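Q: For reference, the structure I am asking about is given below.
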Amino acid sequence: MPNELVDLIVRRAGGDARSALNIVELAHETARSGAITEENVEDAARKRPVIYDKNADAHYDFTSAFIKSMRGSDPDASVYYLAAMLEGGEDARFIARRMIVLASEDIGNADPRALLVAVAAAQAVEHVGLPEARLNLAQAAIYLARAPKSNASYRAISAASADVREHGNVEPPKALRDGSYYGRRLGHGEGYIYPHDDPSGFDVDYLPDELKGREYYRPSGNGEESD
């Protein structure tokens, strides 16, 4: 092969030896036993292989970049990493599950519809399958990326879980316990305020006595409702 074609392959491979070998193989096949030409090399270079190992670093790196791009509200990067994973043979159901988690972890009640969109995309994967379901995944990924963000729900359950681990399952106040016949004999349900009959019932602290005053849910203010 002439040196100028070798130099061309090096440039088109972008420093990746695997890509260079792939270009040589494809160019040879295209030449059909004849001398490899510049046209063969250029054509082969346009068909660069997707380097993606689902069981190694690429799986974790692209998944991380995909999640962080949606969390950071970048729809272009989100759909690019989605395409890279799909072209590399990533499991579409895995991708959909990650979007469902993100919808609650990073968006939450700033846009409750985000969870509906993510779940709908997961259902589309099951009912439609690839390659068509890539459209559903792309639509969902772009929606999640553009949605307002809040991690208030994530922080709330994390803080509440920490208290449960530290204090155990602290029993509810008697007013909130089961008020059936047996429960009433133990004083359960006494003093309970039905909030629809008495507006003051909406301002009661319903936490166990040992945890009164705890505040787990703190809306972020990024479009998230406070009630």
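The values are calculated or read from the model by the stated rules, or taken from the named source; none is laboratory data. Since the model is a prediction, treat every value here as computed from it, not as a measurement. With ideal geometry, Cβ positions are generated from the backbone for all residues, glycine too; neighbour counts draw on all protein chains shown. Surface accessibility is based on the protein's heavy atoms, side chains included, excluding ligands, DNA and RNA. Shrake-Rupley method; radii C 1.70, N 1.55, O 1.52, S 1.80 Å.
Q: Where does the longest stretch of the chain lie that holds no GluC sites (Glu not before Pro) found in a DSSP loop with 16 or fewer other Cβ atoms within 10 Å?
A: Values: sites that count: Glu132, Glu190, Glu215, Glu225.
In the chain, the maximal stretch lacking such sites is 1-131.
Q: Give the separation of the Cα centroids, the range 148-177 to the range 61-81, in Å.
A: About 30 Å separates the Cα centre of the range 148-177 from the one of the range 61-81.
Q: OK, next. For the chain, what is the calculated [θ] at 222 nm in deg cm²/dmol (nearest 500), taking -39500 (n - 2.57) for each run of four or more DSSP H residues and dividing by its residue count? Before the final figure, lay out the partial values.
A: Values: 10 runs with 123 residues, N = 227.
Estimated from H runs of four or more residues: -17000 deg cm²/dmol.
Q: Using the Cα centre as the reference, give the magnitude of the dipole from point charges on the C-beta atoms of the chain (Lys, Arg: +1; Asp, Glu: -1; all else neutral), rounded to the nearest 20 debye. Let's see the in-between values first.
A: Numbers: 26 positive and 37 negative charges, 54 e Å.
Here the size comes out at about 260 debye.
Q: To continue, here is another question. List the residues whose amide H sits under 5 Å from the amide H of Asp91, counting only those 5 or more places along or on another chain, with H placed 1.01 Å from N in the peptide plane.
A: It is none; the list stays empty.
Q: Of Gly191, Leu82, Ser220, which is farthest towards the positive pole of the chain's charge dipole, taken about the Cα centre with +1 and -1 on the beta-carbons of Lys, Arg and Asp, Glu respectively?
A: Toward the positive end, the furthest listed residue is Gly191.
Q: Follow-up. Can you give the Rg/Rh ratio of the chain, where Rg is from the C-alpha atoms and Rh is the Kirkwood radius? Kindly include the intermediate steps, with their values, before the conclusion.
A: On the way: Rg = 28.1 Å, Rh = 22.4 Å.
Ratio of gyration radius to Kirkwood radius for the chain: 1.25.
Q: With all distinct Cα pairs included, what does the Kirkwood hydrodynamic radius of the range 6-50 come out to in Å, to one decimal, could you say? Numbers along the way, then the final one.
A: Details: mean 1/r = 0.0996 Å⁻¹.
Every distinct Cα pair counted, the radius reaches 10.0 Å.
Q: May I pose another question? If r is the Cβ-Cβ distance from Glu4 to Asp43 and R0 is 22 Å, what FRET efficiency results, to the nearest 0.05?
A: It comes out at approximately 0.85.
Q: Here is a follow-up. At a 1.4 Å probe, what is the % contribution of carbon and sulfur to the accessible area of the chain?
A: 51
Q: Moving on. Rolling a 1.4 Å sphere over the protein heavy atoms, what is the accessible area per residue of the range 1-112, to the nearest Å²? Please list the in-between numbers first.
A: Numbers: 6510 Å² over 112 residues.
Heavy-atom accessible area per residue stands at 58 Å².
Q: Among the trypsin sites (Lys or Arg not before Pro) within the range 2-50, which fall in a DSSP loop and have no more than 16 other Cβ atoms within 10 Å of their own Cβ?
A: Those that pass, being in a loop and sparsely packed, are Arg32, Arg46, Lys47.
Q: Give me the dipole magnitude in Debye, nearest 20, for the range 128-219 about the Cα centre, with unit charges on the beta carbon: positive for Lys and Arg, negative for Asp and Glu. If you can, show how the numbers build up before the last one.
A: Working: 12 positive and 13 negative charges, 97 e Å.
In total the dipole reaches around 460 debye.
Q: In addition: Would you mind getting me the FRET efficiency between Ser64 and Tyr194? Use the beta-carbon distance for r and R0 = 35 Å, nearest 0.05. Provide the component values of the computation, followed by the final result.
A: On the way: r = 48 Å, r/R0 = 1.38.
The computed FRET efficiency comes out at 0.15.
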